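Right, one structure below, let's go through it.
The values are calculated or read from the model by the stated rules, or taken from the named source; none is laboratory data. Here the structure is a predicted model, which means the values were calculated and not measured. Cβ placement follows ideal geometry from the backbone for every residue including glycine, while neighbour counts extend to all protein chains displayed.
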Amino acid sequence: MMRCNDARAFGRRAAGCAMVTTLLMVTACGGDSDSAEAGGDVTLRFAWWGNQERAELTQQAIDVFTEENPNIGIEPESVDFDSYFDRLATSVAADDAPDVFTLGGAYPREYGDRGALLDLSTVEEHLSLDNIDEAALSNGFFSGVQYGVPTGVNTYAVVANPEVFEEAGVEMPDDDTWTWDDFVEIAQEISDNTPDDTYGAVDPTGSDALDLYSRQRGESLYTEDGEVGISEETVQDWWDMTSAMSESGATPPASITAELAGQAAPEQTLMGRGLAGMQLDWSNQLNALRSASGAPLELLRAPGETSNEAPGMWLQASQVYAIGANTDHPEEAAQLVDFLVNSVEAAEFTKADRGIPANSEVLEAITPKLDEDTTVQSEFVAEVTPEVGDALIIGPTGSTETPFILERLNDEVLFGRVGTADAASQFVERVAEEIDQG
Amino acid sequence: MRADRGTAMSETTQRPSESETGDIAGGGSPAGFVDRHRRKRGSLAKREGRAVFIFLGPWFIGLVGITIGPILASLYLSFTRYSLLEPPEWIGLDNFRRMFEDERFYAALQVTVTYVLVSVPLQLALALALAFFLDRGVRGLAIYRSVYYLPSLLGTSVAIAILWRQVFGTEGLLNQVLAMVGIEGEAWVSHPDYALGTLIVLNVWTFGSPMVIFLAGLRQIPTMYYEAAEVDGAGGFTKFWRITIPLLTPIIFFNLVLQLIGAFQTFTQAFVISGGTGGPSDATLFYTLYVYQRGFGSFEMGYASALAWFLLVLIAGFTVVNFWAAKRWVHYGD
């Protein structure tokens, strides 16, 4: 019978082909080719992550820059956060990195240590760092080299919704003195006195929160020499607290927390929907969360700042601007970064979108022009500046995995599949493993 | 067809006469004539051979540049530590050693194998059942066939994965329906116990392509077998079990191999539904997703390549076992 033979032959061939294609996933992806440069003009590629609003603000600033520097053209690449770092890694590997790009958290170190970033001292005549906040600058300074310039300053704090507090008949806490026990109690009280879909607090677990919590105990997530600094005991205490909150309803049940984990957009968070009383977050998220929720959200100091060994809060560069190590136009790229961080003209558009400007002169000049939401943020940062602890120790290469390790174990803990002690020891062990592999 | 063959023949008959004149001028014995004949055929074959390569060229370039090249590159990379940002560094078998101590490697393997072993048989059973039903001469067969085939086209798309998230979310369609009948649903997508289940359902739902192949197979079973069986007094089930299934085994085998390989490589759905994390707590950490995370998430292209090669060997192993077992249950009828 013909068809049977056909089917067999086809089956074999198809199986072979399919097997061969299995490995295709490791192909290098070529990016866009460099743009044409007409008449000696220079074109820079500038990549950042963020939403449409940020893209518009940034574009307005870029327009001013290109007007002032007619020989430089800018090709903007606005990418959403979820795919930004995948894309950046691929383009750097393909030697097709943008000339200027934003980095955050442990990424400047990761890229810097791997030789992907330009040493900014080589372009210092085009890029002045004189008026930039010291602590913020340190977030772009690794292995003796300044690799990045802070886009702005941020602090990790509590965002609170006064409307939810009022609905529950709970008073706003005194954030100068409140403790983690107060935080738990207040969250519980709000949950108890509001409809079922409203919670006192969002599950607070995150690597920044753990850093804060451990710093209050005189530890830190990472040590200066790039090891794990947090103790198992501290992680366990944290999870004992948060899992009890989830169980008692002070924070949402595990499944809601897990579902929200994949949704970074402020509009989709419980806080953004007006369904949560408190949330640990970065101060520059206030504007987005306010406009999403329509409520006059406030910033509070983190719990336990005064009742523990040391203050845990810190000021951090919300992001840094970095220049690709292999850029063809280091000087022009430096000019662009200089314009973005040191000019009032740029700040008039970008304002505090990437954190409160780290250049003190720029901040002073634009302060009167800030809208209400940004003023709240800027005042809060100014208020806590004298109180905060030492600059944060940025994690070593390999530590960019930490948030994912934490999220996985957090799911396990909240779903009650792993005990808090066990999860804490796994956390420390796995973070150390990733650092070793890094 | 016949017309084509006609022109081809006339060409071959014409050409020898042209070249023969040149050869005769050079003079020749009967042996020379045979020689000439060979040479002629040789040059024709050569010309045709060249044409073959020209036509194969694009495919061949693609095969080497896009398939074999990267495969060999990844084989090399699997023995290195390669961060994407720095040049690869040879580390021998370390990546493979590390794999067998990596808990997430086992987690990924478990998720993927569970998915393959559960979803593929379910999908094929459903496909066969529907094909069997449609083969009975349903009115509007073309419409049904298209409608059932549609999910196969859409199933691996990002849009469907997002839709799936919506359907199986805490406030999703499924829970709304369940609420109507008074059942409080779970957070299917984000609960570690059910998340993989939703992806299995998604895969089973894309039963269209094996169904169409089954349908074609069913249509080719000669009706005389059934008629003969009926004369012998065989009932519906006996006919299905003794005639349909045995004659369909090559098709079943073909579908099985294809779907197995496809299921092992599932990526998009898991990536979109878990937001790229493989969560909740690695419940949907598909093997390919883990390879991706290692490669592009934590800059360990070397380790990712090693993982990818292990998958290749695993799939090859499964396929070899399949072909070996096939000797026992697939009837080719020849």
### Task
Identify the residue in the stretch A:61-120 that is among the acidic types (D, E) and more than 21 Å from the chain's Cα centre (by Cα) and, among all such residues, is nearest to the other protein chains (Cβ to nearest Cβ).
A:D95
#### Entry: Residue list for the stretch A:250-291, restricted to those being in contact with a helix residue (DSSP H, G or I) (Cβ under 7 Å, 6 or more places away or on another chain), assigned to a helix (DSSP H, G or I) and within 14 Å of chain B (Cβ to nearest Cβ)
A:A254, A:T257, A:A258, A:A261
#### Entry: Scan of the stretch B:70-82 for residues that are more than 8 Å from every other protein chain (Cβ to nearest Cβ) and among the hydroxyl-bearing types (S, T, Y), ordered by number
B:Y76, B:S78, B:T80, B:Y82
### Message
Can you tell me which of (1) surrounded by 17 or more Cβ atoms within 10 Å (Cβ to Cβ); (2) closer than 28 Å to B:L199 by Cβ; (3) in the same structural domain as B:L258 (by TED's automatic domain parsing) is the one B:T114 doesn't meet?
### Response
(1)
## Note on the structure
For the stretch B:156-179, pairs from a residue that is over 13 Å from B:G275 (Cα atoms) and without any contact (Cβ under 8 Å) to a residue 40 or more places away in the chain to a residue that is β-branched (V, I, T) and assigned to a helix (DSSP H, G or I), with Cβ under 7 Å and 6 or more apart or across chains, are B:F168/B:T198; B:T170/A:I256; B:L173/B:V167; B:L174/B:V167
### Task
Answer yes if at least one residue in the stretch B:274-284 is modelled with pLDDT of 85 or more, more than 8 Å from every other protein chain (Cβ to nearest Cβ) and either buried (at least 21 other Cβ atoms within 10 Å of the Cβ) or in a helix (DSSP H, G or I) (or both), and no otherwise.
yes
### Query
Is there any pair linking a residue in the stretch B:311-332 that is without any contact (Cβ under 8 Å) to a residue 40 or more places away in the chain to one that is in a helix (DSSP H, G or I), with Cβ under 6 Å and at least six apart or on different chains, and which?
B:L312/A:T22; B:L312/A:L23; B:A316/A:M19
### Query
If you take just the helices (runs of 4 or more DSSP H) that sit entirely in the stretch B:153-268, which of them hold at least 1 residues that are more than 28 Å from B:L312 (Cα to Cα) and within 14 Å of another protein chain (Cβ to nearest Cβ)?
B:158-167, B:173-180, B:208-219, B:223-231, B:245-264
### Message
With the structure loaded, tell me whether A:L340 is over 14 Å from A:W282 (Cα atoms) and under 22 Å from the mean Cα position of the chain (by Cα) or whether it fails that test.
### Response
yes
### Test result for A:N139, touching a Ser or Thr at 6+ places or on another chain (Cβ under 8 Å) and either more than 14 Å from every other protein chain (Cβ to nearest Cβ) or more than 17 Å from A:N359 (Cα to Cα) (or both)
no
#### Entry: Set A:A333, A:A391: member being aliphatic (A, V, I, L, M), crowded, with 21+ Cβ neighbours inside 10 Å and touching a residue at least 40 places away in the same chain (Cβ under 8 Å)
A:A333
#### Entry: Number of the exception - A:S78 against (1) small (G, A, S); (2) modelled with pLDDT of 90 or more; (3) touching a Ser or Thr at 6+ places or on another chain (Cβ under 7 Å)
(3)
### Task
Run down A:R290, A:R301 and say which single residue is crowded, with 21+ Cβ neighbours inside 10 Å, of a type in the set (K, R) and in contact with a strand residue (DSSP E or B) (Cβ under 8 Å, 6 or more places away or on another chain).
A:R301
### Message
Between A:A365, A:A358, A:A382, A:A352, which is of a type in the set (A, V, I, L, M, F, W, C) and at pLDDT below 85?
### Response
A:A352
### Query
Within the group A:R273, A:R354, which residue is crowded, with 24+ Cβ neighbours inside 10 Å, charged (D, E, K, R) and touching a Ser or Thr at 6+ places or on another chain (Cβ under 7 Å)?
A:R354
### Query
When you go through B:F105, B:F96, B:F132 one by one, which is the residue that is more than 30 Å from B:F253 (Cα to Cα) and either touching a residue at least 12 places away in the same chain (Cβ under 8 Å) or buried (at least 18 other Cβ atoms within 10 Å of the Cβ) (or both)?
B:F96
### Task
Test each condition in (1) crowded, with 24+ Cβ neighbours inside 10 Å; (2) modelled with pLDDT of 85 or more; (3) touching a helix residue (DSSP H, G or I) at 6+ places or on another chain (Cβ under 9 Å) for A:E110 and report the one that comes out false.
(2)
### Query
Considering the stretch A:175-210 alone, what residues qualify as being among the β-branched types (V, I, T), under 22 Å from A:D237 (Cβ atoms) and touching a strand residue (DSSP E or B) at 6+ places or on another chain (Cβ under 7 Å)?
A:I186, A:V202
### Message
Anything in the stretch B:286-300 that is more than 7 Å from chain A (Cβ to nearest Cβ), buried (at least 24 other Cβ atoms within 10 Å of the Cβ) and at pLDDT below 90? List them, or say none.
### Response
B:R294
### Task
Just give me the residues in the stretch B:297-334 being among the aliphatic types (A, V, I, L, M) and under 17 Å from B:F79 (Cβ atoms), in sequence order.
B:M301, B:A304, B:A306, B:L307, B:A308, B:L311, B:L312, B:V313
### Summary
Okay, helices (runs of 4 or more DSSP H) sitting entirely in the stretch A:86-190 with 2 or more residues that are closer than 13 Å to A:A322 by Cβ and among the acidic types (D, E), I get A:107-113
### Task
State yes or no: is A:G416 assigned to a loop (DSSP other than H, G, I, E, B), within 14 Å of chain B (Cβ to nearest Cβ) and either over 27 Å from B:G297 (Cβ atoms) or at pLDDT 85 or above (or both)?
yes
### Message
Can you tell me which residue is nearest to A:V418 (Cα to Cα) among those in the stretch A:219-249 that are assigned to a helix (DSSP H, G or I) and of a type in the set (A, V, I, L, M, F, W, C)?
### Response
A:W239
### Of all residues in the stretch A:128-174 being under 22 Å from A:V344 (Cα atoms) and out of contact with any strand residue (DSSP E or B) (no Cβ under 7 Å at 6 or more places or on another chain), the one that is surrounded by the most Cβ atoms within 10 Å (Cβ to Cβ)
A:S128
### Task
For the stretch B:302-322, name all the residues that are within 7 Å of chain A (Cβ to nearest Cβ) and crowded, with 24+ Cβ neighbours inside 10 Å.
B:A304, B:S305, B:A308
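Every residue, every condition in (1) in a helix (DSSP H, G or I); (2) among the hydrophobic types (A, V, I, L, M, F, W, C); (3) within 12 Å of chain A (Cβ to nearest Cβ), yes or no:
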{"site": "B:R50", "(1), (2), (3)": "yes, no, no"}
{"site": "B:F60", "(1), (2), (3)": "yes, yes, no"}
{"site": "B:L63", "(1), (2), (3)": "yes, yes, yes"}
{"site": "B:I68", "(1), (2), (3)": "yes, yes, yes"}
{"site": "B:L84", "(1), (2), (3)": "no, yes, yes"}
{"site": "B:P87", "(1), (2), (3)": "no, no, yes"}
{"site": "B:R98", "(1), (2), (3)": "yes, no, yes"}
{"site": "B:R104", "(1), (2), (3)": "yes, no, yes"}
{"site": "B:V111", "(1), (2), (3)": "yes, yes, no"}
